[in-house]
Amino acid sequence: MHTPPLTRRAFVRLSSSAALIAVAGCGGGSGGRDGPAAQPAPAGASVACALRALEREPGEVRAVAERFLAQSGSSADGARKELIDALDRSALDRHATSTEEVAAALHDAIDADWRSGASVLVDGWIVSLTEAQLTASALATDPASC
Amino acid sequence: MLIGAQDLVEVGPVDVCIVGGGAAGITLARSFVGTRWRVLLLESGGPSFDARTHALYDTPVIGTDYPIEASRLRYFGGTTNHWAGQSRPLDPIDFEERTWIPHSGWPIGHGDLEPWLDDAHTVCGLGPPEYDPHRWSTTLGPDFLTGSPTLESRIFQLSTPIVRFAAAYGDELAGADNVLVALGANASELLSDQRGQQITGVRVRWFDSDHTAEPRALAYVLACGAIENARLLLASNAVRPAGIGNDFDNVGRYFMEHPAYRAQRMLATPLFPSRGLDWTPSAEPDPPAVVIRAIGPSDAAVRRHELLRSMLIFYGRDDALGDEDADVAETEASVRAGLWRDDPSPTREVAATSIFEQAPNPDSRIRLSEQRDALGNRKAELDWQLGEIDRDSVYRSTILIGEELARLGLARTQLRPWVSLFERPLLPGVGNHHIGTTRMSATSATGVVNRNCRVHDVDNLYVAGSSIFPTGGIANPTMNLVAFALRLADHIKQDAL
Ligand SMILES: Cc1cc2nc3c(=O)[nH]c(=O)nc-3n(C[C@H](O)[C@H](O)[C@H](O)COP(=O)(O)OP(=O)(O)OC[C@H]3O[C@@H](n4cnc5c(N)ncnc54)[C@H](O)[C@@H]3O)c2cc1C
């Protein structure tokens, strides 16, 4: 599948969009936004559903997601599952989790990515693995995941 | 006193003969002013630039492309006639053997140079030798990298008003009773005894004459810059075919620079510091100093990730946007039009340049060319080589810096395609810093000069300048080589005369 190059404009737009939680100025809690402006999931929702509430506007993240998936060889559903598993390992309760808790866990995961060097290059942009999975996750179609 | 080269035939033996009147040579000569020792400074050029003399520096470049023409100047004051005055001491880590960098490590430590740093700062027109970012926070703003496990701020000072060594110190030398400065005096060969272990004179040539002079001294110092220092040793091959001090084929090898790359594009966030980080000098009134800040991987990070040292400097708005100009213009237009409601303080583009330490590389070298200059001397030939270790460090350091700036919420980074894909050979910019061709070492098998800057196995020949540096760190060389020249002068006075 041909995916257009990820231009600076696209990356900037992505970075300034609430769809990508780990935008510059927001990753790691050093400042920036306090949290996503998405529709919150109901209290007690699963991690998957809470995550779904954070995945907005696939169109905005598609460029990153498609290129990440093309180079990593994984599927959007697979990336989503990996992300949910990772969040689950981070002591979130898979069956009863609010959107805020998932957002905070994503912040922590992204911070940990930066500290440990868990990043990928997407068209040369340095993107944390969690960020990349989050963009891919927005393209997931698996209805069973939420 | 100033004399012409032709007057040298009248000059009797002196105590110290210094070849080259740039930063190192002038500093050395000044150290002897008013002492009981007689000093002769041989300088190829005259008081100002002259194309015919400068052409003696012509050097074929056969390795990585190198803008050699303006990277040194051949007249009194040497390359300080157009240096930029940016200065910082070598750091302790620079002297250490780092297991991941072949041929790293000095036979001395930072403490062996420290006693001369104060005076070197004064000579170079700098403020006090203080480089702790907190010390300069009133000028540069707080150190926003405090606590980062990966990055640290690096302070540099600027010579102010910039010290051009001949203009600043030429009169002092000309007025000194015990110092002779011979202008237009081109050292073309060192003369030695039959074993090549004692220098007995310097053959000097000058334009428009077939005559030569052979001034004699007890001690000799080469201070002609890293290319010419090596060339002179190699060309002095009448007794030893490989040249003086070259029994182990080290002379001319390990030529290093500070390669500079536009390795990344950076989007700075609103958190990116608005002052103290652009590469714009800031003046500090008390004590007077002009300082600038770069950032780079900390020593701990360099060790943890086994990197060469590097630093990143920012130049404000990126004006070199090339084919993505339109993207950014559109982005900015949409911001101005208020279309980016999500983010009222959007990102901006900053230009950044990475400057790297180059790994010592024996294949990166100065040789004698078959071509000859106008005085009949064989020219130097430059074969500058960057290795896999350099390329790898650029790649990994750029990512490391990008990750930490993202973690801190300061900026997002895109590697340029050649960095991320290794698409084509690195074509770096340069610092005009010539380093390493007569490296300091513990033994003659591994280098050219010993810990006192004396050529191994030659009793009375010394080298001054950054050619003695076994590694280049990320500091500009001149203030450091001035400190080494002061140290060498003290050594010669105490032990060699
Ligand atoms: C554009 C530019 C900017 C720079 N900016 C900085 C900076 O900001 N900070 C910094 O630290 N460094 C900087 N440098 C480097 C700095 O100029 C050198 O490190 C410094 O001048 C080296 O001092 P030196 O005495 O070893 O050699 P030089 O200053 O080059 O002096 C060598 C002298 O030897 C003479 N000579 C050469 N051959 C012979 C011969 N055969 N016989 C007799 N005399 C001879 C030459 O005429 C010259 O006077 C810059 C260089 C350039 C080109």
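The values are calculated or read from the model by the stated rules, or taken from the named source; none is laboratory data. Computed from a predicted structure; not experimentally measured. Glycine also receives a Cβ, built like all others from the backbone with ideal geometry; neighbour counts cover every protein chain displayed. Heavy atoms of the whole protein, side chains included, go into the accessibility calculation; ligands, DNA and RNA do not. Shrake-Rupley method; radii C 1.70, N 1.55, O 1.52, S 1.80 Å.
May I ask for the angle, rounded to the nearest 10°, between helix B:388-407 and the longest principal axis of chain B, with both axes built from Cα atoms and the value confined to 0 to 90°?
Approximately 40 degrees, to the nearest 10.
Using the Cα atoms of region B:397-497, I'd like the radius of gyration and the largest Cα-Cα distance, Dmax, both in angstrom.
Reported Rg and Dmax, both Å: 20.0, 60.
Tell me, what is the per residue accessible area of chain B in Å², probe radius 1.4 Å?
On the way: 18290 Å² over 497 residues.
Value returned for chain B: 37 Å² of accessible area per residue.
Which value, in square angstrom to the nearest 100, describes the accessible area buried between chains A and B on both sides, using a 1.4 angstrom probe?
Values: alone 7450 and 19580 Å², together 24410 Å².
Chains A and B together bury approximately 2600 Å².
Restricting things to alpha carbons, tell me how big region B:232-318 is in terms of Rg and Dmax, in Å.
21.5, 66
Would you compute, from DSSP H runs of 4+ residues alone, the mean residue ellipticity of chain B at 222 nm, taking -39500 (n - 2.57) per run and dividing by the full residue count, rounded to the nearest 500? Intermediate results must be reported in sequence, preceding the final value.
Numbers: 12 runs with 106 residues, N = 497.
Helix-only estimate at 222 nm: -6000 deg cm²/dmol.
Quote the accessible area belonging to B:Thr280 in square angstrom, nearest 10, computed with a 1.4 Å probe and with ligands, DNA and RNA left uncounted.
Rounded to the nearest 10, the figure is 80 Å².
For region B:283-318 and region B:424-468, what is the separation of their Cα centres, given in Å?
25 Å
Ordering B:Asp373, A:Asp77 from largest to smallest accessible area (1.4 angstrom probe), what's the sequence?
Working: B:Asp373 20, A:Asp77 60 Å².
Listed by decreasing accessible area, they come as A:Asp77, B:Asp373.
Between B:Val290 and residues 5 or more places away or on another chain, which pairs have amide H atoms under 5 Å apart, with H built 1.01 Å from N, and which residues are they?
Here B:Gly127, B:Leu158, B:Glu284 satisfy the definition.
Output wanted: per-residue J couplings in Hz (rounded whole) for region B:37-45, from phi through Karplus 6.51 cos²θ - 1.76 cosθ + 1.60, θ = phi - 60°, x for Gly and Pro.
For region B:37-45, the Karplus-derived couplings read 8, 8, 10, 10, 9, 9, 10, 4, x Hz, x marking Gly and Pro.
Rank B:Glu381, B:Glu349, B:Glu10 by accessible area, highest first, at a 1.4 Å probe radius?
On the way: B:Glu381 35, B:Glu349 5, B:Glu10 155 Å².
If we order B:Glu381, B:Glu349, B:Glu10 from most to least accessible, we get B:Glu10, B:Glu381, B:Glu349.
How far, in degrees from 0 to 90, does helix B:325-336 lean away from the longest principal axis of the Cα atoms of chain B, to the nearest 10?
That works out to roughly 50 degrees.
I'd like the Karplus ³J(HN,Hα) series for region B:366-372: coefficients 6.51, -1.76, 1.60, θ = phi - 60°, whole numbers in Hz, and an x wherever there's a Gly or Pro.
Once θ is set to phi - 60°, the couplings for region B:366-372 become 9, 10, 7, 7, 6, 6, 10 Hz.
What residues qualify as long-range amide H neighbours of B:Leu191, i.e. H under 5 Å apart, gap of 5 or more or another chain, H built at 1.01 Å from N?
Amide H to amide H, under 5 Å and 5 or more residues apart or across chains, B:Leu191 pairs with B:Thr200, B:Gly201, B:Val202, B:Arg203.
Which whole-number percent is the relative contact order of chain B (Cα, under 8 Å, 6+ apart)?
24 percent
Need one value: the accessible area of B:Tyr254 in square angstrom, 1.4 angstrom probe, rounded to the nearest 10.
20 Å²
Give the dimensionless ratio obtained when the Cα radius of gyration of chain B is divided by 2.2 N^0.38 Å.
Numbers: Rg = 23.8 Å, N = 497, 2.2 N^0.38 = 23.3 Å.
Taking N as the residue count of chain B, the ratio is 1.02.
Check B:Leu2: other-chain or 5+ apart residues with amide H under 5 Å from its amide H, H built from backbone geometry?
B:Val181
Distances over 27 Å make up what percent of all Cα-Cα pairs in region B:15-142?
43 percent
Magnitude of the Cβ-charge dipole of region B:164-227, K/R +1 and D/E -1, about the Cα centre, nearest 20 debye?
220 debye
Determine the share of region B:177-290's accessible area contributed by carbon and sulfur atoms, expressed in whole percent, with a 1.4 angstrom probe.
Accessible surface attributable to carbon and sulfur in region B:177-290 totals 48 percent.
Ignoring ligands, DNA and RNA, how do B:Leu2, A:Leu83 rank by accessible area with a 1.4 Å probe, largest first?
Numbers: B:Leu2 90, A:Leu83 5 Å².
Of B:Leu2, A:Leu83, the descending order of accessible area is B:Leu2, A:Leu83.
Rolling a 1.4 angstrom probe over the protein chains, ignoring ligands and nucleic acids, what is the accessible area of B:Val33 in square angstrom, nearest 10?
Surface accessible to solvent at B:Val33 totals approximately 50 Å².
For region B:472-488, just list the computed ³J(HN,Hα) in residue order, Karplus coefficients 6.51, -1.76 and 1.60, θ = phi - 60°, integers in Hz, with x standing in for Gly and Pro.
My calculation for region B:472-488 gives x, x, 10, 7, 5, x, 5, 4, 5, 6, 5, 4, 5, 5, 5, 5, 5 Hz in order.
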